[in-house]
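None of the figures in this text is laboratory data; all of them are computed from the coordinates on show. Quick caveat: nothing in here was measured; it's all calculated off a predicted structure. All Cβ positions, glycine included, derive from the backbone under ideal geometry; neighbour counts span all protein chains shown.
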Ligand SMILES: *Cc1c(COP(=O)(O)O)cnc(C)c1O
């Protein structure tokens, strides 16, 4: 598509937007004092509130009030099966079957539970490969799992880095590192989309390389789920987990999801940390002390699920199905990101740059900007755009992350953001 800096183009792009009606499904924060509007570009951190989540959560409170404990087993929304109601819609988003997916706990806890099953080090094969700039939680999870098994992170935690002077990883550097560690590598743990740069990694290539050396491959989908198309089953990913409060808009700290590949579901030799909720629902309440789990991801469950969070997730996932799925949304997202990138390149040459790959397939909603104009501090620019009503974030050391999302952001907001960024840059330094 041919873009221009003319604001009328944004109006035209919005007029042609087949997803425009979804914006009315969301609520946006009040602008700060003195700002004309809020531009919510931080769905990569906490998605905006879908109004229907209010109704779904209130309905659960009513059920609780009216039914009390009977709510666990009464009606279509019985809490005992709350996780089942979200399995199919989540499976569609990650490219798996309902049996391979379950909603439970929170992301980092789930990383630990999955590593218990899929990181089984031996003296010969004991390494976990992560990226150097992994989200701290992922790094801590890998490090502590290594220690738990009596190994030393200094020798067992290996990292793949961007090349000197670069920010994004090269897919071929990742696969080369996997091959290099070879049969000393137990597990590969990488993101689907890198949180700092917004880079999309080649999951299929990572899995192929990992399996070629006999390692298990796990993917952290925190920034990928609801953002880019995923084919976990077809790509052969062993395990994955994600949070639902970023692009899935399912409430702050909302319940997480896990994926375990079909080929592992019936494997009774896999160690798991067990709880009653992992047993078959048919016999769970017989309360016998012999673990009998189903051959589905549900057997990784430990505790009964959080009904209010499940309801929020169920309601928020409806929007993805109504929009026709992530693949449909992705086409708009690519247009939005390309438009934003175009405007940055056109208007801020030498002053602002993106560290996100500029190839559509290698990035999702997020563009990570650096202020390279030496006459002004990046942090000051961030403070000014924030005060002007832009919701985005600052990530240490020097990146402003902005993530227009196709469900609720408009092209006009992207155009307006660029104006506010220009104003922030041209104001005299303080
Ligand atoms: C957001 C995010 C997390 C957050 O973990 P929680 O357990 O949900 O607090 C972890 N890892 C990555 C890569 C993230 O982007």
Worksheet item: What number, rounded to the nearest 500 deg cm²/dmol, is the helix-based mean residue ellipticity at 222 nm of the chain, given -39500 (n - 2.57) per DSSP H run of at least four residues and division by all its residues?
Response: -11500 deg cm²/dmol
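Taking Cα pairs under 8 Å and at least six residues apart, what relative contact order does the chain come out at, in percent?
23 percent.
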Worksheet item: Packing-wise, with mean Cβ within 10 Å as the measure, how do 342-350, 232-240 rank, highest first?
Response: 232-240, 342-350
Fill in: Calculated log₁₀ intensity ratio I(q)/I(0) where the Debye formula runs over C-alpha points of segment 258-399, q = 0.14, 0.17, 0.22 Å⁻¹
-0.88, -1.01, -1.30
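Over segment 182-227, what per residue volume does the convex hull of the Cα atoms give, in whole Å³?
Working: hull volume 3.1 nm³, N = 46.
Measuring per residue, one finds 68 Å³ for the Cα hull of segment 182-227.
Run the numbers for residue 122 and residue 273: contour at 0.36 nm per residue of separation, minus the present Cα-Cα distance, in nm. Display every interim value, and only then the final one.
Details: separation 151, 0.36 × 151 = 54.36 nm, distance 1.95 nm.
Contour length minus Cα-Cα distance gives 52.4 nm.
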Discussion item. Between residue 11 and residue 377, what's the calculated FRET efficiency when r is the beta-carbon distance and R0 is 30 Å? Round to 0.05.
Written reply: 0.35
Discussion item. How tilted is helix 378-387 with respect to the longest principal axis of the chain? Cα atoms for both, answer in degrees (0 to 90, nearest 10).
Written reply: 90
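Hey, fewest Cβ within 10 Å first, where do 358, 398, 16 land in order? Please list the in-between numbers first.
Values: 358 13, 398 16, 16 10.
In increasing order of surrounding Cβ atoms, one gets 16, 358, 398.
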Worksheet item: Nearest-5 percent of antiparallel DSSP beta bridges in the chain?
Response: 55
Worksheet item: Taking the alpha-carbon centroid of each part, what is the distance from segment 131-206 to segment 49-82 in angstrom?
Response: 40
Practice prompt. Give me the angle, in degrees from 0 to 90, between the Cα long axis of helix 82-94 and the longest principal axis of the Cα atoms of the chain, rounded to the nearest 10.
Written response: 50
Item to complete: Grab every C-alpha pair in the chain, bin the distances at 10 angstrom width from 0 up to the longest one, and report whole percents.
Response: 4, 21, 29, 25, 15, 5, 1, 0
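If you stretched the chain out fully between residue 288 and residue 20, how much longer would it get, using 0.36 nm times the residue separation minus the C-alpha to C-alpha distance? Walk me through the intermediate numbers first.
Values: separation 268, 0.36 × 268 = 96.48 nm, distance 5.27 nm.
Taking 0.36 nm per residue and subtracting the Cα distance, the gain is 91.2 nm.
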Worksheet item: Against the longest principal axis of the chain, how steep is helix 203-212, in degrees 0 to 90 to the nearest 10, with axes from Cα atoms?
Response: 40
Discussion item. Can you give the Rg/Rh ratio of segment 67-169, where Rg is from the C-alpha atoms and Rh is the Kirkwood radius?
Written reply: 1.14
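Using every Cα-Cα pair within segment 329-430, state what percent have a distance larger than 15 Å. List each step's numbers first, then the result.
On the way: 3041 of 5151 pairs.
Roughly 59 percent, rounded to a whole number.
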Item to complete: Identify which of 270, 221, 230 has the largest mean-square fluctuation in a Gaussian network model of the chain, with springs joining Cα atoms closer than 10 Å.
Response: 270
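Between residue 176 and residue 359, 0.36 nm times their residue separation minus their Cα-Cα distance comes to what?
Here the segment from residue 176 to residue 359 would lengthen by 63.7 nm.
Using the per-residue mean of other Cβ atoms lying within 10 Å as a proxy for protection, in what order, highest first, do the peptides 276-283, 409-416 fall? Mind dumping the intermediate values first?
Numbers: 276-283: 15.8, 409-416: 21.5.
The most tightly packed comes first, giving 409-416, 276-283.
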Discussion item. Tell me the Rg and the Dmax, in Å, that the Cα atoms of segment 1-104 produce.
Written reply: 19.8, 60
Item to complete: Over segment 82-322, calculate the relative contact order: mean separation of alpha carbon pairs under 8 Å at least 6 apart, over the residue count, as a percent.
Response: 25
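Ranked highest first by the average count of other Cβ atoms within 10 Å around their residues, in what order do 2-14, 93-105 fall? Walk me through the numbers before you get to the answer.
Numbers: 2-14: 13.8, 93-105: 23.7.
Packing order, densest peptide first, comes out as 93-105, 2-14.
In square nanometres, what is the average projected area of the Cα convex hull of segment 82-322? Kindly include the intermediate steps, with their values, before the conclusion.
Details: hull surface 51.2 nm².
Averaged projected hull area, Cα only: 12.8 nm².
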Discussion item. In whole Å, what are the extents of segment 212-260 along the principal axes defined by its C-alpha atoms, from largest to smallest?
Written reply: 39, 18, 13
